[in-house]
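**Q** Pasting a structure here, questions to come.
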Amino acid sequence: MTPGDILVNVQGVAKHYGEGETRVDALRSIDLRVHAGEVIALLGPSGSGKTTLLNVIGCILAPTAGRVELDGDAVFDGKWLRSDLRRLRLDKIGFIFQAHNLLPFLTAEENVSVVLDLAGWPAEKGRARARELLDYLEVGHRAKVKPALLSGGEAQRVAIARALANRPRIILADEPTAALDSGRAQLVMDLLRKLATEQEACIIAVTHDEKIFDRFDRLIHLRDGRLVDA
Amino acid sequence: MNLAIKDIRHGLFRFVLTCFGLGLLMTVVLAMIGIYNGLVADALAVVKAPAADIWVVEAGTQGPFAEASAIPADTRDAVARMPGVAEAGAITYQTIEAAHAGKTLRLYVIGFEPGRPGGPQRIAEGRSLGTSHFELLADRKTGLVLGDTIRLGRDRFSVVGLVEDAMNSGGDPAVYVTLADALSLQTALDPAAARVQVARGDQGIRPATVAAVIARLEPGADVALLTATVRQWKHLAALSQAEQEDLLLASVVDRARRQIGLFLGILLSVSAVVIALIIYTMTMEKLKQIATLKLIGAPDRTIVALIVQQAMILGISGLGIGLALILLVKDNFPRRVVLEPFNALVLTGIILVVCLVASGLGVRAALKVDPATALGG
Ligand SMILES: Nc1ncnc2c1ncn2[C@@H]1O[C@H](COP(=O)(O)OP(=O)(O)OP(=O)(O)O)[C@@H](O)[C@H]1O
Ligand SMILES: [Mg+2]
């Protein structure tokens, strides 16, 4: 496979929380490039900085130093370079979180279509796209149900549908398959893989799930805030 | 997709309950406004009832409502003869207590000359007074009905007509009797005073006195000129209708009006704080969801709209419930509750502004929240 565009380019990124005695160095000088079409696993022990790195790439967390480029645009270089980070997230980034974070007052389908609504899709098209994704993820039958009534796995799949709805090119996933049985975990990985190829997207997924390691193009290991060779 | 409405429908029961609570508060505010208006309207009712242009009263007094006034009954002839005066009538006022159906009624007795100014403008039921003795017109609030009889002083009066909204500024319902009956009622009720007068050497043949003489003017007549002319007469003073109304508001109901006005102010402030608190709490409870919205890329516009729309829906529903409730119960108040569409409109304006300001607090908190908050947990 010929490598596509560089979608994520992280250079010398560091992030510490707190100061003085309470200072925690979550990331220390990370360099990472991810190309379109790549599906990457981020591995490492608890507290090694995986979530922190995802949040930095997702423009949710400002690093303390370094440079971040997304899809060819510099977004951080010592400071944020863009004021419309939310628009950037809406258009380019899809998040799948450890906690699913569905909006409790919307149905499963609305939780997916709200993203498209925000992106300016016509309501009808948005609904159709939401249904299509939910059907694919085998939760179409729960489309009209509110999150409180969904099982953990169902909610997780709705959250995945939401992350993919606006066809983002950068998909960040924090243990996307943790709440899923192995069959469904494979299904989700297949979907992400398909997406990466078809939409020329990249996937960065934190995972502990050894059963799906073979689905990734690359495994990246984090230890104490540094990338290490496996 | 309207997030505000979806969220409200998600927690509908609680939202309705909150609206209902706010509605009750609005009911109290509207009741207070109504009581305030009612007080003013009631106070002016007695002045407005005779539809006069000029009030001739005792010199040096601001009668007959703000101060006692007594002038000879025959002043009426002199006033009637003045150029520009179309008609004039003598009028008396007194408050008495009378027993009826086992209860004591406080009545405001207005004596007037049938066929001359001073009587009620409209008879709601029955007929007006004729020339015969011992008939009266009663305000509905007295509880008297047509054909009832009631003892006033030494005589038994029968109710021949009913009127509405006639009362003094204290809220005592009015009854109208003929001037002749009113004058004999005056002496009958005050024999002790009469005896004192006799003891002082007064021969007891005092000319009949009335509280005021009211006049209606011919079209185009100059009110200022006429009152000025009357004032030149030694024992008399004159007030225009407008002066009389101002006087009544300023002297008789001013304190009560200020009292209620102040209370209304406090009530509005309390409502404002309550609304602000409700909206702020509503927003704080949603902070994590708002963080999620930010995370998936919702612009500030969407988040502000969510909060402001909910605040507006809350305010308007509360006001609506308040209006419905007050219209339902307002006739059960012991005193008149008068609500003008204008009041509702002003209150709507105030509530909308309060909601907007209150949502400002929530909006500030919402805009400050870090999208990363959504990731916790
Ligand atoms: N908001 C924060 N304030 C202070 N310290 C933090 C904060 N978030 C994370 N940390 C610390 O930074 C380090 C890296 O945390 P991070 O959440 O990135 O780890 P992780 O690799 O995702 O772990 P896990 O596998 O348990 O999810 C940890 O030591 C954590 O305690
Ligand atoms: Mg983590």
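The values are calculated or read from the model by the stated rules, or taken from the named source; none is laboratory data. What you see is a predicted model, and the numbers here were worked out from it, not measured in a lab. Neighbour counts run over all protein chains shown; Cβ positions are idealised from the backbone, glycine included. Only protein heavy atoms, including side chains, enter the accessible area calculation; ligands, DNA and RNA are left aside. Shrake-Rupley method; radii C 1.70, N 1.55, O 1.52, S 1.80 Å.
**Q** Let a ≥ b ≥ c be the square roots of the eigenvalues of the Cα gyration tensor of the range B:45-252; is it rounded (a/c under 1.5), or, if not, prolate (a/b larger than b/c) or oblate? Can you show the working numbers first?
**A** Working: a/c = 1.77, a/b = 1.27, b/c = 1.39.
Oblate, since a/c reaches 1.5 and b/c is not below a/b.
**Q** Further question on the same structure: Under a Cβ-only charge scheme (Lys and Arg +1, Asp and Glu -1), can you give me the dipole magnitude of the protein assembly as shown about the Cα centre, in debye to the nearest 20?
**A** Details: 65 positive and 64 negative charges, 129 e Å.
Computed charge dipole of the protein assembly as shown: roughly 620 debye.
**Q** Follow-up. With every protein chain left in place and a probe of 1.4 Å, what is the accessible surface of A:E210, to the nearest 10 Å²?
**A** That residue has around 140 Å² of solvent-accessible surface.
**Q** Over chain A, with a Gaussian network built from C-alpha contacts below 10 Å, which listed residue (A:F97, A:F105, A:F76) shows the highest mean-square fluctuation?
**A** Evaluated over chain A, the most mobile residue of the options is A:F105.
**Q** At 1.4 Å probe size, what's the solvent-accessible area of B:T281? Round to the nearest 10 Å².
**A** 60 Å²
**Q** Next up: With θ set to phi - 60°, apply the Karplus curve 6.51 cos²θ - 1.76 cosθ + 1.60 along the range A:155-166 and write out the HN-Hα couplings as whole Hz, x wherever there is a Gly or Pro.
**A** Going residue by residue, I get 4, 4, 5, 5, 5, 5, 4, 5, 5, 8, 3, 8 Hz, with x marking Gly and Pro.
**Q** Measure out, as a whole number of angstrom, how far apart the alpha-carbon centroids of the range B:106-183 and the range A:174-230 sit.
**A** Using only Cα atoms to place each centre, the spacing works out to 94 Å.
**Q** Then there is this: With a ≥ b ≥ c the root eigenvalues of the C-alpha gyration tensor of the range B:110-177, is it rounded (a/c under 1.5), prolate (a/b larger than b/c) or oblate?
**A** Numbers: a/c = 1.29, a/b = 1.07, b/c = 1.21.
It is rounded, given that a/c, with a ≥ b ≥ c, falls under 1.5.
**Q** Now, a different point. Classify chain A as rounded, prolate or oblate from the Cα gyration tensor: take a ≥ b ≥ c as the square roots of its eigenvalues, call it rounded if a/c is under 1.5, otherwise prolate when a/b beats b/c and oblate if not. Numbers along the way, then the final one.
**A** Numbers: a/c = 1.62, a/b = 1.47, b/c = 1.10.
The shape class here is prolate.
**Q** So, one more: Amide H to amide H, which residues 5 or more places from A:H35 or on other chains are under 5 Å from it, using H placed in the peptide plane?
**A** Result for A:H35 returns A:L7.
**Q** Running a GNM on chain B with Cα contacts under 10 Å, which residue among B:V29, B:V338, B:V363 ends up with the highest mean-square fluctuation?
**A** Of the options given, B:V363 has the highest mean-square fluctuation.
**Q** Which order do A:K92, A:K144 take when ranked by solvent-accessible area (1.4 Å probe, heavy atoms of all protein chains), largest first?
**A** Numbers: A:K92 45, A:K144 135 Å².
Putting A:K92, A:K144 in descending order of accessible area: A:K144, A:K92.
**Q** How much accessible area per residue does chain B have, in Å², with a 1.4 Å probe? Before the final figure, lay out each step's value.
**A** Values: 17920 Å² over 377 residues.
Per residue, chain B has 48 Å² of solvent-accessible surface.
**Q** Next question. Taking amide H atoms as placed 1.01 Å from N in the peptide plane, list the residues 5 or more away in sequence, or in a different chain, whose amide H sits under 5 Å from that of A:A65.
**A** Long-range HN contacts for A:A65: A:A14.
**Q** If amide H atoms are built 1.01 Å from N in the plane of the peptide, which residues on other chains or at least 5 residues away come under 5 Å of the amide H of A:A173?
**A** Excluding prolines and chain starts, which carry no amide H, the hits are A:I96, A:I204, A:A205, A:V206.
**Q** Order the following by accessible area, largest value first: A:L116, B:L264. Probe radius 1.4 Å; ligands, DNA and RNA are ignored. Display every interim value, and only then the final one.
**A** On the way: A:L116 0, B:L264 30 Å².
From most exposed to least exposed: B:L264, A:L116.
**Q** Still on this structure, I have one more. Grab the DSSP H runs of chain B that are 4 residues or longer, score each as -39,500 (n - 2.57), total them, divide by all residues and round the 222 nm result to the nearest 500 deg cm²/dmol. Write out the running numbers ahead of the final one.
**A** Values: 11 runs with 188 residues, N = 377.
So the helix-based figure for chain B works out to -16500 deg cm²/dmol.
**Q** How much of the accessible area of the range B:45-252, probe 1.4 Å, is carbon plus sulfur, in whole percent? Write out the running numbers ahead of the final one.
**A** On the way: 5010 of 9830 Å².
Summing carbon and sulfur atoms, their accessible area is 51 percent of the total for the range B:45-252.
**Q** While we're here: Which order do B:Y176, B:Y36 take by accessible area at a 1.4 Å probe, largest first? Don't jump to the answer; show the numbers that get you there.
**A** Working: B:Y176 5, B:Y36 65 Å².
The ranking, largest first, comes out as B:Y36, B:Y176.
**Q** So what does A:R82 come to for accessible area, using a 1.4 Å probe and Å² rounded to 10?
**A** About 70 Å², ignoring ligands and nucleic acids.
**Q** Do you know which residues of the range A:83-105 lose at least 10 square angstrom of accessible area in the protein assembly compared with their chain on its own, with a 1.4 angstrom probe?
**A** A:R86, A:R89, A:L90, A:F95, A:F97, A:A99, A:N101, A:L103, A:P104, A:F105
**Q** Return one number: the angle in degrees, 0 to 90 and rounded to the nearest 10, between the long axis of the Cα atoms of helix B:254-285 and the longest principal axis of the Cα atoms of chain B.
**A** 10 degrees
**Q** So what is the relative contact order for chain B, in percent, with contacts set as C-alpha pairs under 8 Å and at least six apart? Intermediate results must be reported in sequence, preceding the final value.
**A** Values: 650 pairs, mean separation 104.5, N = 377.
Answer for chain B is 28 percent.
**Q** Then there's this: In degrees, nearest 10, range 0 to 90: what is the angle between the Cα axis of helix B:300-329 and the longest Cα principal axis of chain B?
**A** 30 degrees
**Q** A further question follows. Who wins for biggest fluctuation among A:A161, A:A185, A:A173 in a Gaussian network model of chain A, springs between alpha carbons below 10 Å?
**A** Result for chain A, Cα springs under 10 Å: A:A185 fluctuates most.
**Q** Based on alpha-carbon centroids, what's the gap between the range A:26-55 and the range B:255-334 in Å, whole number please?
**A** 47 Å
**Q** Please turn the phi angles of the range B:359-368 into ³J(HN,Hα) values with the Karplus equation 6.51 cos²θ - 1.76 cosθ + 1.60 (θ = phi - 60°), one per residue in order, whole Hz, x for glycine and proline.
**A** Each residue's phi maps through the Karplus curve to give 5, x, 4, x, 4, 4, 5, 5, 6, 7 Hz.
**Q** With a 1.4 Å probe on protein heavy atoms only, work out how much accessible surface B and A bury together, total over both chains, in Å² to the nearest 100.
**A** Details: alone 18960 and 10720 Å², together 27560 Å².
For chain B against chain A, roughly 2100 Å² becomes buried.
**Q** Residue by residue through the range B:165-182, what is 3J(HN,Hα) from phi via Karplus (6.51 cos²θ - 1.76 cosθ + 1.60, θ = phi - 60°)? Round to whole Hz and write x for glycine and proline.
**A** For the range B:165-182, the Karplus curve yields 6, 10, 6, 8, 5, x, x, 6, x, 9, 10, 9, 10, 6, 4, 4, 5, 5 Hz.
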